[in-house]
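Structure, as structure tokens:
The values are calculated or read from the model by the stated rules, or taken from the named source; none is laboratory data. Predicted, not measured: the structure shown is a model, and the values here were computed from it. Cβ placement follows ideal geometry from the backbone for every residue including glycine, while neighbour counts extend to all protein chains displayed.
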Amino acid sequence: MNALTRLDESPELLDALASVELLYTDLDGTLLAGGGTLLADGAGAPSSACAEAIVALNRAGLEVVVVSGRSRLQLTEVVRMCGWSDFIAEAGAVRTYWRNGTR
């Protein structure tokens, strides 16, 4: 197993992550390809890998908090489209954890 092993290829990693409830993640270059593209890989070729990763996170029931240097306005829509509500924007200057009214 190496640092790039996919979760769906490693029962050991899935077991280790079973207790994880919260994930903080960046967008650009992490969940989105270069230029903020959802449906392309790092080289710009068409790919659904990013979208599939988002679906997998949602199916796993993880609470996801996006952390980005992007503005609050930019993140609000991106986070909503991913099915999430929480984010830290503008390099930590704006934190939104309660937008959906449940916390």
| Out of all the residues in the stretch 30-39, which are farther than 23 Å from G61 by Cα and not hydroxyl-bearing (S, T, Y)? | A33, G34, G35, G36
| request: Say whether the condition of being at pLDDT below 80 and within 12 Å of the chain's Cα centre (by Cα) is met by at least one residue in the stretch 7-29. | output: yes
| message | Name the residue that is nearest to the chain's Cα centre (by Cα), counting only residues in the stretch 50-77 that are farther than 8 Å from A89 by Cα and in a loop (DSSP other than H, G, I, E, B). | response | L62
| remark: Selection from the stretch 87-96 of residues modelled with pLDDT of 90 or more and either touching an Asp or Glu at 6+ places or on another chain (Cβ under 7 Å) or aromatic (F, W, Y) (or both) yields F87
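Restricting the stretch 52-98 to residues that are polar (S, T, N, Q) and free of Cβ contacts under 8 Å to residues at least 24 places away in the same chain, which is nearest to V20 (Cα to Cα)? Walk me through it before giving the result.
So the first thing to find is which residues in the stretch 52-98 are polar (S, T, N, Q), and the list is 58, 68, 71, 74, 76, 85, 96.
Narrowing the set further to residues that are free of Cβ contacts under 8 Å to residues at least 24 places away in the same chain leaves 71, 74, 76, 85.
Numbers: S71: 28, Q74: 27, T76: 24, S85: 18 Å.
Applying the filter and picking the extreme gives S85.
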| field | Residues within the stretch 19-52 that are within 14 Å of V65 (Cα to Cα) and of a type in the set (S, T, N, Q), tallied | value | 2
| task | Being in contact with a Cys (Cβ under 9 Å, 6 or more places away or on another chain) and farther than 16 Å from A33 by Cβ is the filter; apply it to the stretch 47-74 and report the residue that is surrounded by the fewest Cβ atoms within 10 Å (Cβ to Cβ). | result | N58
